[in-house]
Amino acid sequence: MSIEFSDEQLAIQATAERFAQDELAPLYQARESEQVIDRAMVARMGELGLIGADLPAKFGGLETTCVTAGIVAESISYADPNVCYVQLLNSLAGHVLADHASPELATQLLPALISGEKLVALGLTEPRGGSDAANLELRAVRDGDVYRLSGEKTSISLATQADGIILFARTGGAGAGGVSAFYVDLHHPDINRSSFNDLGSKIVGRGSLRFDDVPVPAAQRLGGEGMGFKQVMQGFDYSRAIIGLQCLAPARASLDETWEYVCEREAFNTPLAQFQGVSFPLAEAESHYEAARLLCYRALELRDLGKPHTSEAAMCKWWAPKLAHEIIEKCLLSHGHAGYSLDLPFQQRMRDIFGFQIGDGTAQIMKMIIARGKAGAAAVQYKR
């Protein structure tokens, strides 16, 4: 694969980059103190077609490819990776709703997601842990035309801001087959929300949600009972590739700023870029960045082609956040004492992307997925 974008994709990229440069980048650091995502800004992205670009046109989406969604995410994240949570979560939730919600529910919700009117969270992680996603404890008990939810979700992005959530709950026995998915309106009075004081991504707001016998209409179950785990796992293959680009884009911004700095800054009457101790670490970062970016777009291309991409998505998820953090650290160090200041954006970028090494699957889980895929393929080949 070579990254050659179509004219349509280049036009969408130009729109996203212009919005990001003009409206996001100037206030990236100042925005951290706001602690919330500006809803007017979200609505503006919706107007420009920058939310759910790959969702069906009948709901207001552009019905483009997953690669195009990656282009939008990359462009937004270059200016502010936190704002890209809107693209990430609304697209992920949008795909679940488009594929598994009733026609009535999809028609009600999807236009609001795509326009930016609603923000939707994903509710999987629980206090006992997030990696063992098949063994959830939050229960949904059928009671006539409703299910009653009891339990807690934690480490939820947009916990205090989202209007709704794609919630995964236990409706049956143990294991993956007992997990079902629901759309839940988070404005219900019996849902208790709390927020965390996190290291980074402060405008996103991570927190917990407590459900105490909260009713949700059975019509808001997504897909068949016991199908929730399968639905979310398919979605993660998509979101993990997007997350890779979401992390790499601020690394790209840091490299661009650092090359400019080391070409202008002098030591011993010589530009810093002429010293191999300065330029070689950046050259290495460029090499790794290009490889990781290509991997992310390859995973999205495979999804567009309807081909397996679980291993590729897992590679994106464990490597890109770690690599991006390392690249931004190199850029900070290349700026010397000035880089250590809170006035420059490197420290915030490092904090904002660090959480991706934990959320949505740790590196250990991703490597387990890759190893199982390769070991299974090798076993089949051996039997032949």
For this session: Output yes when any residue across the range 342-349 is in contact with an Asp or Glu (Cβ under 9 Å, 6 or more places away or on another chain), of a type in the set (Phe, Trp, Tyr), under 30 Å from Thr154 (Cα atoms) and outside any strand (DSSP E or B), and no when none is.
Result: yes
Problem set entry | Among the residues listed as Ser155, Ser115, the single one being closer than 19 Å to Met233 by Cα, surrounded by fewer than 23 Cβ atoms within 10 Å (Cβ to Cβ), in contact (Cβ under 8 Å) with a residue 60 or more places away in the chain and not basic (Lys, Arg) | Ser155
Exercise. Limited to the range 197-244, what total is found for residues that are among the hydrophobic types (A, V, I, L, M, F, W, C), part of a loop (DSSP other than H, G, I, E, B) and farther than 20 Å from Asp80 by Cβ?
Worked result: 1
Exercise. Of the residues that make up the range 190-208, is at least one in contact with a helix residue (DSSP H, G or I) (Cβ under 6 Å, 6 or more places away or on another chain) and among the acidic types (Asp, Glu)?
Worked result: no
Problem set entry | Failed criterion for Gly130 (all others in (1) under 19 Å from the mean Cα position of the chain (by Cα); (2) at pLDDT 95 or above; (3) under 28 Å from Gln364 (Cβ atoms); (4) surrounded by fewer than 22 Cβ atoms within 10 Å (Cβ to Cβ) hold) | (2)
Problem set entry | Top-ranked residue in the range 1-33 [being of a type in the set (Asp, Glu), surrounded by 15 or more Cβ atoms within 10 Å (Cβ to Cβ) and out of contact with any Phe, Trp or Tyr (no Cβ under 9 Å at 6 or more places or on another chain); ranked as farthest from Ile76 (Cα to Cα)] | Glu32
Seminar exercise, completed: Filtering helices (runs of 4 or more DSSP H) wholly in the range 1-80 for at least 3 residues that are touching a Cys at 6+ places or on another chain (Cβ under 8 Å) gives 66-79
For this session: Report, by residue number, each residue of the range 208-225 that is surrounded by fewer than 18 Cβ atoms within 10 Å (Cβ to Cβ) and either over 24 Å from Pro103 (Cβ atoms) or not hydrophobic (A, V, I, L, M, F, W, C) (or both).
Result: Arg210, Asp212, Asp213, Pro215, Pro217, Gly223, Gly224, Glu225
For this session: Among the residues of the range 152-170, write down those that are in a loop (DSSP other than H, G, I, E, B) and on the phi > 0 side of the Ramachandran plot.
Result: Leu158
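Of the residues Leu92, Leu109, Leu149, which is out of contact with any Asp or Glu (no Cβ under 7 Å at 6 or more places or on another chain), in a helix (DSSP H, G or I), under 20 Å from Leu209 (Cβ atoms) and at pLDDT 95 or above? So that I can check it myself, show each step before the final result.
Numbers: Leu92 fails: at pLDDT 95 or above; Leu149 fails: in a helix (DSSP H, G or I).
Only one candidate passes the filter, namely Leu109.
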For this session: Please identify the pairs in which a residue from the range 355-384 that is under 23 Å from Glu126 (Cβ atoms) has its Cβ atom under 9 Å from the Cβ atom of a residue that is exposed (fewer than 15 other Cβ atoms within 10 Å of the Cβ) and modelled with pLDDT of 85 or more, counting only partners at least 6 apart or on another chain.
Result: Gly355/Leu199
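The values are calculated or read from the model by the stated rules, or taken from the named source; none is laboratory data. The model shown is predicted, which means the values in this text are computed figures rather than measured ones. Note: ideal-geometry Cβ built from the backbone for every residue, glycine included; neighbour counts use all protein chains shown.
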